[in-house]
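Okay, structure first, notes after.
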Amino acid sequence: MRVALFVTCLADTLAPGVGRAAVTVLERLGLGVDFPREQTCCGQLHWNAGYADEATALAARFGEVFADAEVIVTPSGSCAGHVREHVPTLVPRVAHVAARTFELSQLLVERLGVEDVGSTYAGRLTYHPTCHSLRLLRVGDAPERLLRAVPGVELAELPEATECCGFGGMFSVKNAAVSSAMLAAKLDAIASSGADAVCACDASCLLHIGGGLERRGSPVRAVHLAEVLAG
Amino acid sequence: MRELAARSARPVAFPSAAEAAVTDEQTRTNVRLAQDTIRARRVAVAAELDDWEALRDAGAALRDRSLSRLRDLLPLLEDRVTRSGGVVHWARDAEEANEIVVRVARAAGAREVLKVKSLTTDEIGLNAALERAGLRPLETDLAELVCQLADERPSHLLVPAIHKNRTEIRDLFRERLGLEELTDEPRELAEAARAHLRAAFLRAKVAISGANAAVAETGTVCVVESEGNGRMCTTLADTLITVMGIEKVVAEWRDLEVLLQLLPRSATGERMNPYTSLWTGVREGDGPRAFHLVLLDAGRTRALADPVARPVLRCIRCSACINACPVYRQTGGHAYHTVYAGPIGAILEPQLAGPRGQPGSLPFASSLCGACADVCPVRIDIPGLLVHERGRVVRSERQGLEGASLRLLGRVFASRERYERAQRLARRLQRPAVREGRVRWFVGPLAGWGSSRELPAVPPQTFREWWADRDRA
Ligand code: SF4
């Protein structure tokens, strides 16, 4: 099977390691990976910010860029959620493309039935279920099942795990004070888990959480699910 | 006079109000504890019912059905109430509703009027209107009374004094009720309020309530509550006035079966609320001698006419969304500067207030985490409606630098060449601000980010550059 990687504008530009890790995992499983170079952004940022015209144009563009792909995979719960849940309403003619789009853990566990991807890791991880993977896309426990199957991963429970980390795209700058207060609560929870790294399936939330950990001078690292699975 | 007319001329923007609110540790601790308690109870009692999800479907469907038939249901309700000896009034807006209530209360010879806890009367600023007319409103719900004595706005739909703990309430009662010996034992506090209110109940001429629902086919009005003070008001006063938003009507008696299961479980996490009062007009020798029902529009027909926003009118004011909200958790209710706070407020207030008088910042007071929609008993797609309201703001107000940046970004994303050029440009422009792969100066909109977070710089190689290299190899 061949899969087309939608790396997301954010990972492409600010967290390329996440994209490289996703490629490693997919290829190790024997999948052929394509990267349609025309891809840019799915329009989630604009949609959430209230700019429907831009979001609609980008949704249409996404549908065209990935029109020929059999399966589309993205290392982002929120982009996959946006594509699957909003794009078909915005641009009905590309609904079939949206339906073929999966978040990485969703593709591996639900679609391919794989849990052990042949990676190893050494350390204590805690998993933060990002809001859109949890409540928009509903990936369920797929990411945790993948993590549990990695030898060397010790999974620590995250208190109040399903509470939002406070990122929320534009929210993080428009409502910086509240966003920071929400982040502080999340960082406290991560610290109390005793983990040495926090894992999630959204590079955007991890940018915010990781940036907060660094600002605090915390030794805890923020790692993407793909990066753990690529190890 | 307390400022309850929340939709006042100068709306306060959420981000600046919230910035102050997040430093109020006392309120945040109270809110967090209250949220945790109510959340846990709601989850437990919802899990008791095998058909909870089906009940939510039924709740959404019956509310939608009512909303699509208001044109028939409201005249039917009027007819049934009138036939049962009640009087129905129609109020286009808050001002008309307040005039009607003042007129009726005066005609009944009241100086003091008892209030049953009611959001709708808060919404129209009724207490202030009564005071202007020389009438004294007395809140009878314990927490509302606390807010009234403290001269503060309620901060939560159902737990209006959620921002206060019992020590603060003790101090307030000591001062305002002259009870110097009072301790902060909940029993004693309740007893003090009870003594204060009991005398008022016995001399009451007029009481005013809101309504949780009204059944069109029978003309029955329904109020649910926990304390029984509402029941005192609705039965002891000579004249009862109910102010109800027109969207609260339901078609049939059996609709209550669904709503009265959904509401207490979602609201307080109880299987059943302690008091459910239902009355149909007036009855000789029992309860009030006169009953007035004020049907209030105040923006509801406008919301009804917006096909995307219409489901907001399904809301049964259970406040589950508020209890689930991580933003409310950090700020409490006052930061919203509205009667309806939290997620429901952010989608309802802009609809009720119409084009003017509403802080455009309200629909943006959310991270769109979706916790609200997961608990809403009538399945309102709150994040979807927040985005809808954001769109209305973006289209109607100047968005300045932010708007220009987002429109430009839209153009950048629309072309691969422009996007790749922008990546390279960002890498060049960031140079003076970057040290060791981290952005060191946070200017413009990035200042908010930099207040609590580091930001990685655009790395030497983007993903697509790496891919192109690998392809060539
Ligand atoms: S929007 Fe839903 S959860 Fe929020 S108060 Fe209304 S009915 Fe309750």
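Annotations for the structure displayed:
- Hits in region B:266-302 (condition: part of a loop (DSSP other than H, G, I, E, B), of a type in the set (D, E, K, R) and away from the ligand (no atom under 16 Å from the Cβ)): B:Arg271, B:Glu284, B:Arg289, B:Asp297
- For region B:303-348, a residue qualifies if it is away from chain A (no Cβ under 14 Å), buried (at least 24 other Cβ atoms within 10 Å of the Cβ) and away from the ligand (no atom under 12 Å from the Cβ), and the qualifying residues are B:Thr338, B:Val339.
- Just one of the listed residues (B:Ala150, B:Ala143, B:Ala128) is surrounded by fewer than 21 Cβ atoms within 10 Å (Cβ to Cβ), assigned by TED's automatic domain parsing to the domain that holds B:Thr239 and free of Cβ contacts under 8 Å to residues at least 40 places away in the same chain, namely B:Ala150.
- Scanning region B:448-473 for residues that are closer than 18 Å to A:Ser179 by Cα and facing chain A (nearest Cβ under 8 Å) turns up B:Gly448, B:Trp449, B:Ser451, B:Ser452, B:Arg453, B:Glu454, B:Leu455.
- For B:Ala97, the requirement of being farther than 19 Å from B:Val312 by Cα, in a helix (DSSP H, G or I), in contact (Cβ under 8 Å) with a residue 12 or more places away in the chain and of a type in the set (Gly, Ala, Ser) is met.
- Residue match in region B:255-262 (condition: assigned by TED's automatic domain parsing to the domain that holds B:Gly85 and assigned to a strand (DSSP E or B)): no
- Of the residues making up region A:10-58, those that are assigned to a helix (DSSP H, G or I) and more than 7 Å from chain B (Cβ to nearest Cβ) number 16.
- Qualifying residue in region A:76-91 (condition: free of Cβ contacts under 8 Å to residues at least 40 places away in the same chain, part of a helix (DSSP H, G or I) and under 20 Å from B:Arg464 (Cα atoms)): no
- Tabulated pairs, region A:108-132, first within 29 Å of A:Gly168 (Cα to Cα), second basic (Lys, Arg), C-beta under 8 angstrom, 6+ apart or interchain: A:Val109/A:Arg145; A:His128/A:Lys186
- Within the set B:Arg431, B:Arg398, B:Arg416, the sole residue that is loosely packed, with under 14 Cβ neighbours inside 10 Å and more than 43 Å from the chain's Cα centre (by Cα) turns out to be B:Arg431.
- Inspection of region A:105-115 identifies at least one residue that is of a type outside the set (S, T, N, Q) and under 25 Å from A:Ser193 (Cα atoms).
- Among the residues of region B:41-52, those that are surrounded by 11 or more Cβ atoms within 10 Å (Cβ to Cβ) and in a helix (DSSP H, G or I) comprise B:Arg41, B:Arg42, B:Val43, B:Ala44, B:Val45, B:Ala46, B:Trp52.
Residue-wise test of (1) farther than 30 Å from B:Arg329 by Cβ; (2) touching a residue at least 60 places away in the same chain (Cβ under 8 Å); (3) in a helix (DSSP H, G or I).
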residue: B:Leu158; (1), (2), (3): no, yes, no
residue: B:Thr167; (1), (2), (3): no, no, yes
residue: B:Leu197; (1), (2), (3): yes, no, yes
residue: B:Phe201; (1), (2), (3): yes, yes, yes
residue: B:Cys233; (1), (2), (3): yes, yes, yes
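- Of the criteria (1) touching a helix residue (DSSP H, G or I) at 6+ places or on another chain (Cβ under 8 Å); (2) more than 8 Å from chain A (Cβ to nearest Cβ); (3) closer than 26 Å to A:His86 by Cα, which one B:Leu408 fails: (1)
The values are calculated or read from the model by the stated rules, or taken from the named source; none is laboratory data. Just so it is clear, the model here is predicted, and its values are computed rather than measured. FYI the Cβ positions are ideal-geometry reconstructions off the backbone, even for glycines, and counts take in every protein chain you see.
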